[in-house]
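To keep things clear, I will list the structure first and then write my remarks on it.
The values are calculated or read from the model by the stated rules, or taken from the named source; none is laboratory data. It should be emphasised that the depicted structure is a prediction, and the values quoted were computed from it without experimental measurement. Note that each Cβ is placed from the backbone with ideal geometry, even for glycine, and that neighbours are counted across all protein chains shown. Note: accessible area is taken over every heavy atom of the protein model, side chains too, but ligands, DNA and RNA are not part of it. Shrake-Rupley method; radii C 1.70, N 1.55, O 1.52, S 1.80 Å.
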Amino acid sequence: MEKIQIKIQRIDKKFSDIELPAYATPGSSGLDLRAAVEDLLIIEKGKVALVPTNLRAEIPEGYEIQIRPRSGLAANHGIGVLNSPGTIDSDYRGEIKVILFNFGDSDFVINRGDRIAQMVISKVYYADILETEELNESVRGEGGFGHTGSK
Ligand SMILES: O=c1ccn([C@H]2C[C@H](O)[C@@H](COP(=O)(O)OP(=O)(O)OP(=O)(O)O)O2)c(=O)[nH]1
Ligand SMILES: [Mg+2]
């Protein structure tokens, strides 16, 4: 198994009791991320919330963090990550925030330290963009958006 190190800094000491991101089981893909809110935060139905984590990261070059929803929150409460997967760039040193959206039909309460999303560490490939006059032929060609049938 390939492992990398990611440095994480807590921004405000008053949230030091909140656990750092962690894998729930040894085989989990994502590290659960906790809400750094004073007491609680309510996301009204149909509303978006920018949830603080109190964390900043130093990600090695060539990697990114993806912020993904937790399926339990989605299936049971209609809570999703609006920009999923959220992108945390390796050169970002600001606070990691989670953009939650309440797709459910009732308001949702987030308590201090609740696990609200998960971080998946991914490799990033960097490309040189080459402008060209011609692209090669392919079986699909320009067909898209259901071209192969919708079911
Ligand atoms: O869910 C997210 C998504 C992004 N970010 C932070 C880290 C990321 O590196 C930065 C920029 O994100 P992105 O590139 O997705 O947003 P943008 O609208 O393109 O902003 P920018 O112009 O700063 O790149 O914002 C978060 O904290 N949470
Ligand atoms: Mg950007």
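Structure summary
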quantity: In Hz, Karplus ³J(HN,Hα) per residue of region 145-150 (6.51, -1.76, 1.60; θ = phi - 60°; x = Gly, Pro); calculated: 6, x, 3, 8, x, 8
quantity: Residue-span extension gain [residue 47 to residue 63] - 0.36 nm each, minus C-alpha spacing; calculated: 2.7 nm
quantity: Hits among lysines - C-alpha to C-alpha of residue 151 under 30 Å, sequence gap 8 or more where chains match; calculated: none
quantity: Additional length obtainable on full extension of the chain from residue 75 to residue 124, 0.36 nm per residue less Cα span; calculated: 14.7 nm
quantity: Anchor residue 13: lysines whose Cα lies under 25 Å away (excluding residues fewer than 8 positions away in-chain); calculated: 97
quantity: Prolate/oblate/rounded label for the chain (Cα gyration tensor, a/c 1.5); calculated: oblate
quantity: Ranked by how many other beta carbons lie within 10 Å on average, peptides 52-62, 122-132 from highest; calculated: 52-62, 122-132
quantity: The chain - accessible surface per residue (Å², probe 1.4 Å); calculated: 70
quantity: Prolate/oblate/rounded call for region 1-87, Cα gyration tensor, a/c under 1.5 rounded; calculated: oblate
quantity: Derived scalar couplings ³J(HN,Hα) [region 33-44; Karplus, 6.51 cos²θ - 1.76 cosθ + 1.60; whole Hz; x for Gly, Pro]; calculated: 10, 10, 6, 9, 10, 3, 10, 8, 9, 9, 9, 5
quantity: Accessible-area composition of the chain, carbon plus sulfur, in percent [1.4 Å probe]; calculated: 49
